[in-house]
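Please find one structure pasted underneath; my questions will follow.
The values are calculated or read from the model by the stated rules, or taken from the named source; none is laboratory data. Predicted model only: the values in this text are computed from it and were never measured. Ideal geometry is used to build each Cβ from the backbone, glycine not excepted, and the neighbour counts take in all protein chains shown. For the accessible areas, the whole protein counts, side chains as well, though only heavy atoms, and no ligand, DNA or RNA atoms are used. Shrake-Rupley method; radii C 1.70, N 1.55, O 1.52, S 1.80 Å.
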Amino acid sequence: AAAPGEGRGMKRNWLLWLPFALVAGLFGAFYIGLKNPDDHIIASQMVGLSLPEFDAIPAMPDQPGARTADFRDGKPRLLNIFASWCVPCVQEIPVLLQLKAQGVEIVGVAVHDTSPDLARFLGENGNPYARVGLDQAGRAQMAFGSAGVPETFVVDGRGKILHQYVGPVAPEDVPKLIAMLGKAR
């Protein structure tokens, strides 16, 4: 026979661990949802509107910066918000280089960064950008309605935002982005 109170102790032990198990389960579900979103293309409040006015100073000595006027020359392009300290940004560089090789012009805006860090980052990973602007205070990023890095916007030749892509661009996204740029002409 069990000693008096022995079953109660096991039950109490299990009840002590129950909140931890529930929190761990919720955290796991939240993590899986963030890691595998249903769709990276979202309809933000900026989609359908013109790019807000911004002027990001040149981040690299051999490339121009980025400003709103660059997007009003009749040529659709991608606007990529990134940072040298952003791990997912490293993951998307090969895909952005692939887009560049297919003739896609990509304008980069680096947020909360420095020119030396960007030079190292682009030197190590490759530079897919036609222009790289430096947005040290994050003002341009906030004006775009960008929630984080990396984010990519499809912008038509008049400076109108057509789509916003949240997270690193993946190889399977290339045809979709090229098709969007083709329709933006």
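Modelling each spin label as a point 7 Å along the Cα-to-Cβ direction, I'd like the MET142/VAL87 distance in nm, to one decimal.
Using points 7 Å along Cα→Cβ, the separation is 2.7 nm.
Hey, if we sort LEU26, LEU96 by accessible area with the 1.4 Å probe, largest down, what's the order? Please report the intermediate quantities before stating the final value.
Details: LEU26 125, LEU96 0 Å².
Most to least solvent-accessible, the answer reads LEU26, LEU96.
Here's another thing I want to ask about it. Just grab the label-to-label distance for GLN45 and ASP117, each label 7 Å out from Cα along the Cβ direction, in nm (one decimal).
Roughly 2.7 nm, to one decimal.
Residue separation times 0.36 nm, minus the C-alpha to C-alpha distance between GLU124 and ALA24: what's the value? Write down the numbers at each step before the final one.
Numbers: separation 100, 0.36 × 100 = 36.00 nm, distance 3.72 nm.
Full extension of this stretch gives 32.3 nm more.
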